[in-house]
Amino acid sequence: MHGLSRQLRVVFLGTVLVVAAFSTGIDFLFFLVYLLAGLLVGSWYFARRGLTGVRADYRVMNPRTHVGELLQAIYRIENQDRWAKPWIELWNESDLPVSLPGRVVGVQGGGSRQWIAKVTLTRRGSYRLGPLRVRTGDPFGFFGSEMLVGQATGVVVFPEVVPLPHWRLPPSPIDGTTPVRRRFEASSPLVSTVRPYVYGDAFNRIHWLSTARHGELQVKEFDLEAAADLWIVLDLDRSVHAGVGPQASVEAAVTAAASIAVRTLADNRSVAITASARRLLIQQPDRGPRVEQKILHLLANVQADGSKPLAEVVLGTLPQLRRGMTLCIITGSVERDWVRAIASLRRRGVAALVILLDRASWVEREPDPNARAELTAVRHALAEYDVPHRLVRSGDDLTEALSGRERARV
Amino acid sequence: MSSLGERMTRPREGWLSLTLLIVMLLSLAWAVQAAGWLEKSEYLVPIALFGAIAGALLAVTPLSVAITLPVSALVGALVLVWSIGGEYFPQLSQVGRLLALRAEILDWLVALLRTGYPSELTPYALGLGVLMWTTAFIAAYTLYRHHRLVDAVVLVGAALITNMSATFTNLFGHLVLFVAAALLLWLRVTLVGRQESWVRRRVNENAEVPAAIMRSGILFAAGSIVLAWILTSVAVAAPLTSAWRNLDTVWTDLRDSADGIFGTLTNPDSRISGTSFGTRFTVTGKWISKDDVVMKVASTKPYYLRTATYDIYTGRGWTRSDGQKRQVKPGDVIFPTDTTERPIAEDPVPETVTVTMEKAVGRSLFAPGFPIQVFAPLVVYETDGQPLIGGLDAANAIGPGEGYQAKVWISHATEAQLSGAGTEYPKRIKGLYLGTKGISVQTKNLAVQLAADAGATDPYFRAKALADYLSHDTRFTYATDAPVPTTPGQDLVDFFLFDPKGQTGYCEYYASAMVMMARSLGIPARMAVGFAPGELNVDKTFTVRERNAHAWAELYFPGYGWQIFEATKTINPEFVRSSGGPRATPPPLSHARLIDLLEKEKRGTGTVSSLSSFKPLEGGFDVTTGARPGDQERGGNALLIVVLVVGALGFLFYRLRRSQRRWRFLPPAERAWLRLALAADRAGASPRASETIYEYSGWLEEQIPKRRPEIRTLADGKVWQTYSGRSMKQSAIERLEAAWRRVRLPLMWLAVRRRMGDVRPRRRR
């Protein structure tokens, strides 16, 4: 009997009682038979009637939001029946790490209820919030009724975006005097100074007011401290990441990528991204809020499941980089071959910045003693090629770490 | 995992559940007490209480079963000794109670092994106590450790039902109390399970929800109990009884085999055994005599009502030779062949007596004289497998208010006839009813002396001399509380007749002495038990009370069968044998005479003495009216069925009217389409919101290809009605109606196929 469900046991018990009652004619056995029959029939009707005249609905108020923020949904239930409903259970099945809380309510005949359900989002990703399940049953738990209301809703949880008030892109290694053949939507307004004309200067850079004042041709020099565009390369090779769940290094990498992208887009610059996940995901450079949504959507769904070495990714990305761009590599790789690959960028007028994740700090077990040496070697290599980098360790405040203002740790 | 302290203070089911479980167990304890299996059974209540508490406490602790069970056994033993010892040996200390219980159990075992008839009651009390403790402990443990509500309810309920099934005592109130507590417990545990599920699925409950569920559940349960009560009072029947008839012999075998062990438990209301009318009995020295009315008897004269006879004297009681049990259908002749029970020397003058039981005495069926037919399902115990009455039982327990009729042949042999009956006893009679094993020489000598003193030369007068001696000699005293032999091996009859400490007794003493002395004189004799004639009422019927329960001697006379000899002092035989008539030895039974007698026995019912309130027991019938039991119930059932059918029809009519009202003002095509959609919805094939009418009808046509034109007609009608804005012609309406009628059944079939899982329901988009 242990494995039998409660309903099956009741049916078995009822059968025994019916046979015993009709075999003996003993009145109290008939009492039990009638009681059981009454309970079963009544329960069935109770459960069946439980959802008659019930209307329910729900609406997710913010289907796209960030990790750490609240997901909110408005629920409404209305009982158009004359009978009160002692309990009606409403909830959505979902694959959210922490689902939206359901609710059990009693609704008077002709009455209605409305409430807001909230849940703090803890993991980025794309989730499915199933249709609203409305369930009730009889008080004894024999029968239940259920209906599905509405349709499934997609919820995208973007990665956390940390504020980067001190963030500055590295200056581009060009002086701004070289004519750029590419058509820019907006010319740089950052004229820093003028100088005498030399052969080869572009005529359109001549500053006529200064020429008149000095009596000789003067050309403008532009201050290109910040590069025009940003190309982020997010290394999602599984071998360079460590940790699990929200504390994994890939989460820090994604958060860093999202924060840098949002900050740069906020400066009205174009941002592109290459993520070397299982498939190579590329978002071409563009600017504006739509791009932000695209990049965040991409970052919401990536995992550290790639297998392509960073050097290969960087080499594949290099042809797409234009002068004046800044390449931002976010990686935990301690291989040095990719450092050599970006060394050539300076000559092409492409700035580079490396967000280097200290993978060993995410390893829960005793870290590899060679890891620190390898990391130091990479940092040395980056310094050798004058490539600025930011080191991010587990538990670091990303705002500080990405701004390069973190206290140096030995 | 919550901490031990939290589990102890706030177990999953809550302590209110334990209270409800205790109420269930108390209803069981009170029901066992009320059934009266033991005179003293107050101890069951504390045992139930402590058993439940111990079970719940041990269940919430993290102890393993290997530790829990011994602890439970130890605590249970202490509680049993304290409670049972306190009731049976109140004057003793706890250690004294333990020793007294131990001594009684040992005595009981020794008596069971030596004689088979122990008289100590504390072992039974202990057994009941152990059962109660086990039930209470397991129920609470199961509920609190394994959270198995159904098992706990079924365990206690099964014990209660077993107790109720074994007795005719009305325990309905106890059952209602049990059911009410069980339903409340069910409600509560279900609610707890639901709340756990809600917490697990992050479903928050509003504060008013638990109270609302409990409130609606209590109302629902109360309504169900009242409804069940009403239905029970109008509709009870047992149409399956005959299906179990073949198992009845098995049951009676089981009952008889346990009779030796449980024979001491004399519960007069027991369904499963009678009042000492089993296959054996032991003279215990106490005769419980009450004034409760046992039965009403309608007969032409006051008769001794026999239910069992015994042929083997055990020295302390009587038993019956192994024989066979034979089932006799209602109205069939019990002995359709030659039997020494039949008084063949007389002309049969049958009469039919009617008996209605006012109080249950198990299955024992009582009949006077030579029973020819019983108009109820009967089980005859034939001594030694011979056609001899060893016992008469009804196939089913006879409850209060039920009765039966028996056609009997009463011998009217005169003293002269019996005196001349001779001593040509049949071989089977001599083999069974002349045994004098265990009888002392002085008993035999006394019998010979008494016969000689009376100058009797024939068996009748010699037996009469013995009966006169026992019933009139001043040395013997009648008492219902009499001494029994205390010396091991001492014979009861010898003790009664000669021991100065004896010579006091009741009917079993006198009858045993009479039978054994008659046998020592060579007269076949047997012990018979049943009821002596009761009081004569004004309506010429007889009221038989418990105090009329009796044992008497029956002596065999060739040609005249078994004749009653009353030897008990203070019992005045209600019959007087006339002394006249020829004194002649009856001729041996010829074949022609036997055929003649059998024909006469089968013919008619003789004089029927009936009772005004006679209700045949299950399977029997009334010979005067032919009425069978259950006729009234069947009437009640028919009434109930009519009420249910009318109710169901009324409900259907109401639903139909509602739907018609709803659709009355719809255009015909709209109405037909709506019907189609609703019927399809029941079949799990409702239209999707995104589908056009033709898309949906196309899909439906694929499901029911045979009704493709009809479905298309309905769809066309719907489209036409929706977009034309004109009224539909009558011929078109009729076509729509016809199409709907033709498509209705296939849709119902589609719904059935869906229920059977043959068709997958259409998924909503």
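The values are calculated or read from the model by the stated rules, or taken from the named source; none is laboratory data. Please read these numbers as outputs of a predicted model, since none were measured by experiment. Note: ideal-geometry Cβ built from the backbone for every residue, glycine included; neighbour counts use all protein chains shown.
In region B:568-583 there is at least one residue matching the filter, namely being in contact with a helix residue (DSSP H, G or I) (Cβ under 8 Å, 6 or more places away or on another chain) and modelled with pLDDT of 85 or more. Somewhere in region B:445-463, is a residue assigned to a helix (DSSP H, G or I), within 30 Å of B:Arg545 (Cβ to Cβ), at pLDDT 90 or above and hydrophobic (A, V, I, L, M, F, W, C)? Among the residues of region B:445-463, at least one is assigned to a helix (DSSP H, G or I), within 30 Å of B:Arg545 (Cβ to Cβ), at pLDDT 90 or above and hydrophobic (A, V, I, L, M, F, W, C), which makes the answer yes.
In region B:129-136 there is no residue that is within 25 Å of B:Ala221 (Cβ to Cβ), surrounded by fewer than 24 Cβ atoms within 10 Å (Cβ to Cβ) and more than 11 Å from chain A (Cβ to nearest Cβ). Pairs meeting the criteria (first residue in region B:207-231 and within 7 Å of another protein chain (Cβ to nearest Cβ), second residue among the small types (Gly, Ala, Ser) and not in a helix (DSSP H, G or I), beta carbons under 7 Å, at least 6 apart or on different chains) are B:Glu208/A:Gly106; B:Val209/A:Gly106; B:Ala212/A:Gly106. For residues that are in contact with a Ser or Thr (Cβ under 8 Å, 6 or more places away or on another chain) and part of a loop (DSSP other than H, G, I, E, B), scanning just region A:380-404, find the one that is surrounded by the fewest Cβ atoms within 10 Å (Cβ to Cβ). Restricting to residues being in contact with a Ser or Thr (Cβ under 8 Å, 6 or more places away or on another chain) and part of a loop (DSSP other than H, G, I, E, B), the top hit is A:Gly395. Do we find a residue being modelled with pLDDT under 90, of a type in the set (A, V, I, L, M) and closer than 30 Å to B:Ser610 by Cα anywhere in region B:401-410? Checked region B:401-410: at least one residue is modelled with pLDDT under 90, of a type in the set (A, V, I, L, M) and closer than 30 Å to B:Ser610 by Cα.
Does region A:49-66 contain any residue that is more than 10 Å from chain B (Cβ to nearest Cβ), part of a helix (DSSP H, G or I) and not β-branched (Val, Ile, Thr)?
Checked against the condition, which is being more than 10 Å from chain B (Cβ to nearest Cβ), part of a helix (DSSP H, G or I) and not β-branched (Val, Ile, Thr), region A:49-66 yields at least one hit.
Condition first: more than 12 Å from chain A (Cβ to nearest Cβ), surrounded by fewer than 15 Cβ atoms within 10 Å (Cβ to Cβ) and modelled with pLDDT under 90. Can you find one or more residues in region B:235-250 that meet it? For region B:235-250, residues more than 12 Å from chain A (Cβ to nearest Cβ), surrounded by fewer than 15 Cβ atoms within 10 Å (Cβ to Cβ) and modelled with pLDDT under 90: present.
Selection of strands (runs of 3 or more DSSP E) fully inside region A:67-181 by the criterion of at least 2 residues being away from chain B (no Cβ under 11 Å) and not small (Gly, Ala, Ser) returns A:70-79, A:112-120, A:125-137, A:153-158. So is B:Ala463 touching a residue at least 40 places away in the same chain (Cβ under 8 Å), crowded, with 18+ Cβ neighbours inside 10 Å and of a type in the set (Gly, Ala, Ser) or not? It is true that B:Ala463 is touching a residue at least 40 places away in the same chain (Cβ under 8 Å), crowded, with 18+ Cβ neighbours inside 10 Å and of a type in the set (Gly, Ala, Ser).
Here's the yes/no breakdown for (1) within 20 Å of A:Phe28 (Cβ to Cβ); (2) over 27 Å from the mean Cα position of the chain (by Cα):
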{"position": "B:Pro90", "(1), (2)": "no, yes"}
{"position": "B:Leu98", "(1), (2)": "no, yes"}
{"position": "B:Pro123", "(1), (2)": "no, no"}
{"position": "B:Val154", "(1), (2)": "yes, no"}
{"position": "B:Ser165", "(1), (2)": "yes, no"}
{"position": "B:Leu177", "(1), (2)": "yes, no"}
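Does B:Val153 qualify as being surrounded by fewer than 23 Cβ atoms within 10 Å (Cβ to Cβ), in a helix (DSSP H, G or I) and not small (Gly, Ala, Ser)? No, not satisfied.
What do you reckon, is A:Gly144 among the small types (Gly, Ala, Ser), touching a helix residue (DSSP H, G or I) at 6+ places or on another chain (Cβ under 8 Å) and closer than 19 Å to B:Ala207 by Cα? For A:Gly144, the condition - among the small types (Gly, Ala, Ser), touching a helix residue (DSSP H, G or I) at 6+ places or on another chain (Cβ under 8 Å) and closer than 19 Å to B:Ala207 by Cα - is not met.
Scanning region A:264-277 for residues that are surrounded by 15 or more Cβ atoms within 10 Å (Cβ to Cβ) and not small (Gly, Ala, Ser) yields A:Thr264, A:Leu265, A:Arg269, A:Val271, A:Ile273, A:Thr274.
The residues of region A:96-112 that are within 18 Å of A:Met61 (Cα to Cα) and in contact with a Lys or Arg (Cβ under 7 Å, 6 or more places away or on another chain), listed by number, are A:Ser99, A:Pro101, A:Gly102. Looking for something assigned to a helix (DSSP H, G or I), under 30 Å from B:Gly401 (Cα atoms), more than 10 Å from chain A (Cβ to nearest Cβ) and at pLDDT 90 or above - is there at least one such residue anywhere in region B:189-196? No: zero hits. Residues in region A:300-324 that are out of contact with any helix residue (DSSP H, G or I) (no Cβ under 9 Å at 6 or more places or on another chain) and either under 29 Å from A:Tyr127 (Cα atoms) or touching a residue at least 60 places away in the same chain (Cβ under 8 Å) (or both): A:Asn301, A:Thr317, A:Gln320, A:Gly324.
Table: residues versus (1) away from chain A (no Cβ under 14 Å); (2) in contact with a Gly (Cβ under 9 Å, 6 or more places away or on another chain); (3) modelled with pLDDT under 95.
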| site | (1), (2), (3) |
| --- | --- |
| B:Gly96 | yes, yes, yes |
| B:Leu143 | no, yes, yes |
| B:Ala152 | no, no, yes |
| B:Phe168 | no, yes, yes |
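A single member of B:Gly604, B:Gly561, B:Gly620 is at pLDDT 70 or above, within 28 Å of B:Ser364 (Cα to Cα) and surrounded by fewer than 14 Cβ atoms within 10 Å (Cβ to Cβ), and it is B:Gly604. Restricting attention to region B:137-148 and to residues that are farther than 12 Å from B:Leu58 by Cβ and of a type outside the set (A, V, I, L, M, F, W, C), the residue that is surrounded by the fewest Cβ atoms within 10 Å (Cβ to Cβ) turns out to be B:His146.
Would you call A:Val262 more than 14 Å from A:Gln303 (Cα to Cα), of a type in the set (Val, Ile, Thr), at pLDDT 90 or above and outside any loop (DSSP other than H, G, I, E, B)? When the stated conditions are applied, A:Val262 passes them.
Residue count for region B:205-239 under the criterion of being farther than 30 Å from B:Gly620 by Cβ and not polar (S, T, N, Q): the result is 20.
Counted as qualifying within region B:36-144 are the helices (runs of 4 or more DSSP H) with 3 or more residues that are without any contact (Cβ under 8 Å) to a residue 60 or more places away in the chain and of a type in the set (Val, Ile, Thr), namely B:65-88, B:94-114. Take the conditions (1) surrounded by 19 or more Cβ atoms within 10 Å (Cβ to Cβ); (2) under 19 Å from A:Ser276 (Cα atoms); A:Met325 misses just one of them, which is (2).
The set of residues from region A:28-54 being surrounded by fewer than 17 Cβ atoms within 10 Å (Cβ to Cβ) and free of Cβ contacts under 8 Å to residues at least 24 places away in the same chain comprises A:Val41, A:Tyr45.
Here's the yes/no breakdown for (1) modelled with pLDDT of 75 or more; (2) buried (at least 17 other Cβ atoms within 10 Å of the Cβ):
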residue: B:Trp663; (1), (2): no, no
residue: B:Ala669; (1), (2): yes, yes
residue: B:Ala677; (1), (2): yes, yes
residue: B:Tyr694; (1), (2): yes, no
residue: B:Pro705; (1), (2): yes, no
residue: B:Arg708; (1), (2): yes, no
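Could you tell me whether B:Glu346 is touching a strand residue (DSSP E or B) at 6+ places or on another chain (Cβ under 6 Å) and of a type in the set (D, E, K, R)? No, not satisfied. Got at least one residue in region A:153-164 being closer than 30 Å to A:Arg49 by Cα and modelled with pLDDT of 85 or more? Yes: region A:153-164 contains one or more residues that are closer than 30 Å to A:Arg49 by Cα and modelled with pLDDT of 85 or more.
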